[in-house]
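Just below is one structure, and these are the notes that go with it.
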Amino acid sequence: MADYVKQSPLPSPVASEEVRRTVSAMLLEIERRGTAAIRDYSRQLDNWDPPSFRVDVASVAAAADALDDELKGHIALAQAQVRGFAERQRATLTDLEAETLPGIVLGHRHIPVNAVGSYVPGGRYPMLASAFMTVLVPKVAGVRRVVAVAPPREGKGIHPAMLHAMATSGADEIICLGGVQALAALAFGLDDDLAGVDMVCGAGNAYVAEAKRQLYGRVGIDLLAGPTEILVLADGSADPVLVAADLLGQAEHGPTSAAILITTSRALGEAVLAAVAELLKTWPTAAVAGEAWANHGSIIVAAGDTELLAVANELACEHVEVQAEDATLERWFAGLTNYGSLFLGENATVAYGDKGIGTNHVLPTGRSARYTGGLWVGKFLRTVTYQRVSDEGTRQIAPTIAAICEAELFGGHGLTATMRLERLG
């Protein structure tokens, strides 16, 4: 049975009653009063009340001018990585058509969603990389209209680096709004200034996640992403300082971020605990990362590889790093089944996936990796089927369908089959 060097509870994946009530009240008010309510909430919550929430071309140009060429080059490289991987993913999704019986042709097509709203979070940190993941990827999927929304920072509009990333990732429209009111604007529209979308995507705080949950059905969503998680799987060969750094690196997202180590070496676990304490003395975001580590950081000692893998699959974490002597694909692919994204070997840090190595950083949290993967190009495609039936196909299938309809007491359904058969004589 696993032992602990440090044990802390995981953050709850379920929004609090206060969050649920607040979001419900806001959405009802916005649905009732429309843009006027959105403007009221934006003024109250973000001190943001511009003549129009729509970002104009001049503002986009000014944001680009405010950035140095080196940063713009790095943004372009990360975008190329994300775009290239998404294009390769899209190439694996092919249309299908097959004759399954003489005269019966069945098929499917992958059709992009028509309009997607991308929420790019910018409250605690300006998350410009989120634009790559939630604007660029649906454009690769073939989505005709992508509306990017992001909150104002300190009443001054969207952070310049975020705005540049949103525009150069291919956003067709950019709206400066944050929080629940931004999600509502995407779902309901903004008078004549913004038409509603068919699907919303992107991560955010607890209120944004709850707004997505409550709006699901009215619009589609990508997934419900809660507080971020990192799980490091390590043996005695791992570098304790590197493991500690990766745990704290992800913990800086917020005070409810979970950072977990499972190791087969108690000595490593104790060394990592000491390394975390030492790093926190100079860590650039120690206030946030330290609180997350204190409240939601754990170090688990497994009796062996079998137990290590069993605990990892039970936790089903968002990000899983493997820092072990044997970090081969075959070993870990065979043993790990529940995770959002896997980082193999000490050179593969979660930060790469978060910021632009090419894979998407919108990933399942709160153990939802047990039943879903993360955001990818396929999330923006609808796989729809079709049928084409000849006279011979009718002779082949109509008797079977009529018999099943009769057994189900669906007489009208059965008639639609037998009438076609009778017409053939």
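Every number in this text was worked out from the coordinates using simple rules, so none of it is lab data. Keep in mind that what you see is a predicted model, and the values were worked out from it rather than measured. Methodologically, a virtual Cβ is constructed for each residue, glycine included, from the backbone with ideal geometry; neighbour enumeration extends over all protein chains shown.
What the table below lists for this structure:
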| read-out | value |
| --- | --- |
| Over the chain: helical MRE at 222 nm, DSSP H runs n ≥ 4 each giving -39500 (n - 2.57), nearest 500 | -13500 deg cm²/dmol |
| Whole-number D in µm² s⁻¹ for the range 280-425, Kirkwood Cα-pair radius fed into Stokes-Einstein, 37 °C, 0.692 mPa s | 160 |
| In degrees, nearest ten, helix 305-315 long axis to first principal axis of the chain (Cα) | 70 |
| Cβ-Cβ FRET estimate between Asp49 and Ala2, R0 fixed at 41 Å, reported to 0.05 | 0.15 |
| Estimated FRET transfer efficiency (Ser390, Glu17; beta-carbon r; R0 45 Å; 0.05) | 0.15 |
| Net charge of Cβ neighbours under 9 Å - reference Ala238; Lys, Arg +1; Asp, Glu -1 | -4 |
| Gained length - Asp56 relative to Leu28, 0.36 nm times residue gap less alpha-carbon distance | 7.1 nm |
| Dipole of the chain, positive end: most advanced residue of Met419, Cys176, Phe132 [Cβ charges, Cα centre] | Met419 |
| Most positive-pole-ward Cα, Pro11, Ala195, Val272, against dipole of the chain from beta carbon charges | Ala195 |
| Amide hydrogen neighbours beyond the local backbone of Leu177, cut-off 5 Å, H modeled | Ala150 |
| Inverse mean reciprocal Cα-Cα distance (Kirkwood Rh) of the chain, Å | 23.9 |
| Count of Lys pairs (Cα-Cα under 29 Å; at least 8 positions apart or interchain) in the chain | 15 |
| Exposure proxy order (Cβ contacts within 10 Å, fewest to most) of Asp222, Asp193 | Asp193, Asp222 |
| Spin-label model distance (nm) - Ile404 vs Lys72, 7 Å beyond Cα toward Cβ | 5.9 |
| Cα-centred dipole magnitude for the chain, charges only on beta-carbon of K, R (+1) and D, E (-1), debye, nearest 20 | 1080 |
| Test item: Cα-centred dipole of the range 122-201, Lys/Arg +1 and Asp/Glu -1 on Cβ, debye | 340 |
| Positive-end residue, the chain charge dipole about Cα centroid, Cβ charges, pick of Ala225, Val146, Ala78 | Val146 |
| Ranked list, fewest to most other Cβ atoms within 10 Å of each Cβ, for Ser237, Ser8 | Ser237, Ser8 |
| Inter-label distance, nm, simple model (7 Å from Cα along the C-beta direction), Ala195/Ala277 | 6.1 |
| Two-site label geometry, Val311 and Leu415: point separation in nm, points 7 Å out along Cα→Cβ | 6.6 |
| Principal-axis tilt of helix 35-46 within the chain, Cα atoms, nearest 10 degrees | 20 |
